[in-house]
Amino acid sequence: ENIAAKHSSSPVYIATMVTCTEENHKRIEKHIKQREDKNFTVFEVPFDVCNTDVSKEDIVLLEDVSNLLANGIFTQSKTADDTLQDIIKLAEKCKMLVAVNICGLSAEGYDGETAQYIDGINYLNKKLSEIAAEVVKMENSVPVKIK
């Protein structure tokens, strides 16, 4: 969030969580209030983020890649590569894309869709890190620059 807000006075926030419960909606409202001072324009886009209405001038925060992947795998039979291509298309539409993902998961002990999901997260981290201008990993709530 801070990276996007540092580069724009009105960054775009793409939230990828599928909202299906009252608790989800309350969480979203809480997050919107927490980000009010950063002046984000918020879009809730659980699928096909490349179709989000952003411009070449926008700084975009994608929160988060793991939700986007889960949405695709578990509801649309999409692959990690489908998700990667979706993210790349989004990045091509904007000035800067800040993509948030989780890391450090192991598929050991899992099979089927869960193993596919975990392997997909790791694949996306690898591929996105390769093409990213900068990579930052959070360690104990402290950003550590990797690339």
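The values are calculated or read from the model by the stated rules, or taken from the named source; none is laboratory data. Here the structure is a predicted model, which is why all the values come from computation and not from measurement. When we count neighbours, we look across all protein chains shown, and the Cβ atoms used for this are built from the backbone with ideal geometry, even at glycine. Heads up: the accessible areas ignore ligands, DNA and RNA and are worked out on the full protein's heavy atoms, side chains in. Shrake-Rupley method; radii C 1.70, N 1.55, O 1.52, S 1.80 Å.
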| query | In this structure, is K137 surrounded by 14 or more Cβ atoms within 10 Å (Cβ to Cβ), in a strand (DSSP E or B) and on the phi < 0 side of the Ramachandran plot? | reply | yes
| message | Yes or no: region 32-51 includes at least one residue that is more than 24 Å from I121 (Cβ to Cβ), modelled with pLDDT of 85 or more and of a type in the set (F, W, Y). | response | yes
| Flag if V144 is outside any helix (DSSP H, G or I), more than 23 Å from V12 (Cα to Cα) and of a type outside the set (G, A, S) | yes
| request: Output the qualifying pairs, or none if there are none: Cβ atoms under 7 angstrom, residues six or more apart or on different chains, first residue in region 55-72 and under 16 Å from E113 (Cβ atoms), second residue open to solvent by 20 Å² or more (accessible area, probe 1.4 Å) and aromatic (F, W, Y). | output: L69/Y117; A70/Y117; N71/F47; G72/F47
| task | Please state which of the following conditions A5 fails to meet, knowing it meets all the rest: (1) closer than 24 Å to K145 by Cβ; (2) surrounded by fewer than 17 Cβ atoms within 10 Å (Cβ to Cβ); (3) in contact with a Lys or Arg (Cβ under 9 Å, 6 or more places away or on another chain). | result | (2)
| task | Can you tell me which residue among S77, S66 is more than 14 Å from L97 (Cα to Cα) and at pLDDT below 95? | result | S77
| field | Residue list for region 116-134, filter: under 29 Å from E57 (Cβ atoms) and assigned to a helix (DSSP H, G or I) | value | L124, N125, K127, L128, S129, E130, I131
